[in-house]
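Accompanying notes for the structure given below.
The values are calculated or read from the model by the stated rules, or taken from the named source; none is laboratory data. Note that the structure is a prediction, hence the values are computed from the model and not measured. No Cβ is skipped: glycine too gets one built from the backbone with ideal geometry, and neighbour counts run over all protein chains shown. We work out accessible area using only protein heavy atoms, side chains counted, and drop any ligands, DNA or RNA first. Shrake-Rupley method; radii C 1.70, N 1.55, O 1.52, S 1.80 Å.
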Amino acid sequence: MTRRRTARLRRTLLAGTTAVAVTAVTAGIVAAAQEPAKAAKGPELSLVAATSSVTLTSWKEEPGVYLDLGTYLIAEGTPLELKVTRKSYKDPVAVTQTVYEGGKPKAKKLPTGTVKDFSGLPGFSEITLTDKAGKKVLTRSESFCPNNASGRVRPDAPSTSKYPESCPTNPFTLGSVWGVEKGWAANTYAGSYGEPVQLAAGTYTAKVGVAKKYRDLFGIADKPATVKVTVAERSEEDEEGSTGAAPRSAKAGEHAGHGAGHQAPTAHTGHGPGHAPSRAEAAAPVTSGAGPSYNVGHGPLKAAPPALPWALKKKQQSALSQQARDAGGQTDGSRQAPAVKPLSKRPAGKPSVPDVPKPDLRSLPAYGITISDGDTDVPGKDYLAFSANVWNAGPAQLVVDGFRSPGKAKMDAFQYFYDAKGKQVGYTPTGTMEWDPRPGHVHWHFTDFASYRLLKADKKEAVRSGKEAFCLANTDAIDYTVKNANWHPYNTDLATACGEENSISVREVLDVGSGDTYTQDLPGQSFDITGVPNGTYYIQVLANPEKRLKETNLGNNSALRKIVLGGEPGKRTVTVPAHDLVNAN
């Protein structure tokens, strides 16, 4: 039996109206723009409710209510900015806050143990629900990702936020940046990082506050927000019967791309006739955080909390594209990619590799490791499936263009180089691109980007995967603290990255700080271990195996993950020891 991780798309999105509502509700709270403190050590933070009442839906098919109560954390004076890093997988995750003294930024180290991973501030929100009789029916705490759905609270606030749009969840993330822009508010809803609660249909009162340790740490007043909550029980079957609409609960894997992750947002498309409340679905699988959580993730993983509402996302991207690029060496995330669209014709002139910054491709250890039958028609086959990621540590993005000669099945691929101002100053041939028609792919792959090998205990090769071609997309924010990291990469989903079957040219980009994950459910993402003896092995993920791509460093392209195979044919097992402090299979 195939052992895949699948996702039931069931998360309620933050509708654009919710984020916009915070502007109106909080206008009175911040009616007069506060004058910045002369020696402010940090932002002035406050918790508010965007609305005094919300209606939450409990679906009979999947009981449980997600507590999106419309509470927001506002930042005034200066942004709330946190940089979360670890030196290596042997070191715990640490966090520093950017504070401002005399108008100059300064790093303030927060207490050890403030965060445990890169998904947000644990136990930030404290929620209490009481029923009509005043009886307490629920007490819980939730994590808070400052990069969650956000919006401006006053018209003179910055028109766009420079911070990323979600918190990464890749187990091998190295660095992340979280922030609430000044004059902005971030939703405190934990999304899929929290669990649904069991509430009967009825009316409740929710009190939402900030945990004392965070109030003390960030100087937040102890003023909980109160929201009236109405829980309405609905049936998907009833909704479909009354509206004649098609079923609204999409299944993972319906959309072409690197698994089910790359699908269009459903927040504003599921309203059947008469605007009956639809069963909103998760916009995408768990990400990584490299871009809007609607689009990222190579395969069906657990759904992530929504980022900026889709309606506002397009406006933000448009505004960002108008901003001037930063000078070289910027690490504040506002540096924009020099180009995202393929050129209209093949490069002219003599190929050259100029002395300019180049990408640095690095592999992460394999994860999501499991035994599968591979969905083959051949009985008795055992496969070792895994997820793999190759990322770009910079300081320059990887840009590869493919050009197709009329009638040819493959494209000729070229790597491009840019100076500090984003001007193309050179190119070199770097292999080919080929069309992959298999389900789960259906796009152009750049050949020889990475390769996978199963190594014996003595590190000698036992099995080599046939997969050596990839569509490049910025699915995971691996380290947004590296030099020239782009916090707003463009091609975070395959709809923008890898072309159509009839494309004559394709541009594939791996931006600085981001990585490209292929999950274990995809064709070719496994080893045939049918005849491989039990014992200790290593999964090797190797970037740029033929060294065709020009990099700053070719010595850090390999990553190993130890595993132990056991069991018997047809019932093989795999044990995955922790990788230093990272205990994720």
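Do me a favour and compute the ellipsoid semi-axes for the range 133-215 from its Cα gyration tensor, root of five times each eigenvalue, largest one first, whole Å.
Values for the range 133-215, descending: 28, 19, 12 Å.
Run the 1.4 Å probe and let me know the accessible area of Arg215, rounded to the nearest 10 Å².
40 Å²
Going 7 Å from the Cα of Leu217 in the Cα-to-Cβ direction, what parts of the range 105-127 have a backbone nitrogen less than 15 Å from that spot?
Counting backbone N atoms under 15 Å from the label point, the list is 108-126.
With a ≥ b ≥ c the root eigenvalues of the C-alpha gyration tensor of the range 104-164, is it rounded (a/c under 1.5), prolate (a/b larger than b/c) or oblate?
Oblate, because a/c is 1.5 or more while a/b does not exceed b/c.
Starting from the Cα gyration tensor of the range 514-585, take the square roots of the eigenvalues, sort them a ≥ b ≥ c, and report rounded, prolate or oblate (rounded when a/c is under 1.5, otherwise prolate if a/b is larger than b/c, else oblate).
prolate
What pairs from Lys421/Lys483; Lys116/Lys182; Lys87/Lys182 go past 21 Å between their alpha carbons?
Cα-Cα > 21 Å for Lys116/Lys182; Lys87/Lys182; rest within.
Using θ = phi - 60° and the Karplus relation 6.51 cos²θ - 1.76 cosθ + 1.60, list the HN-Hα couplings for the range 569-585 in order, rounded to whole Hz, with x at every Gly or Pro.
Ordered by residue, 3J(HN,Hα) equals x, x, 9, 5, 10, 9, 10, 10, x, 4, 9, 6, 8, 8, 10, 10, 6 Hz.
Along the range 391-404, what does the Karplus equation 6.51 cos²θ - 1.76 cosθ + 1.60 (θ = phi - 60°) give for ³J(HN,Hα), rounded to whole Hz, x for Gly and Pro?
Listing the rounded values in order: 10, 10, 8, x, x, 10, 6, 8, 10, 10, 10, x, 10, 10 Hz.
Got a sec? Which residues in the range 540-560 would a label at Asp412 touch, if it sits 7 Å along Cα→Cβ and we count backbone N under 20 Å?
What the label zone holds, given the 20 Å backbone N cut-off, is 548-550.
With a ≥ b ≥ c the root eigenvalues of the C-alpha gyration tensor of the range 66-148, is it rounded (a/c under 1.5), prolate (a/b larger than b/c) or oblate?
oblate
Once the other residues with Cβ under 14 Å from the Cβ of Ala221 are scored (Lys, Arg +1; Asp, Glu -1), what is the net sum?
Around Ala221, the surrounding residues sum to -1.
Note down the nm distance, to one decimal, between modelled labels 7 Å out along Cα→Cβ at Lys381 and at Lys460.
Reported label-point gap for Lys381 and Lys460 is 2.8 nm.
Using only protein heavy atoms and a 1.4 Å probe, report how much of Tyr163 is accessible, in Å² to the nearest 10.
Probe radius 1.4 Å; accessible area of Tyr163 about 0 Å².
Out of the range 52-101, which trypsin sites (Lys or Arg not before Pro) are coil in DSSP terms and have no more than 13 other C-beta atoms within 10 Å?
The qualifying sites are Lys60, Lys87, Lys90.
So what does Ile371 come to for accessible area, using a 1.4 Å probe and Å² rounded to 10?
In the full protein context, Ile371 sits at about 10 Å².
Taking the Cα-to-Cβ direction at Lys109 and at Lys136 and moving 7 Å from each Cα, how far apart do the two end points lie in nm?
According to this spin-label approximation, the distance is 3.7 nm.
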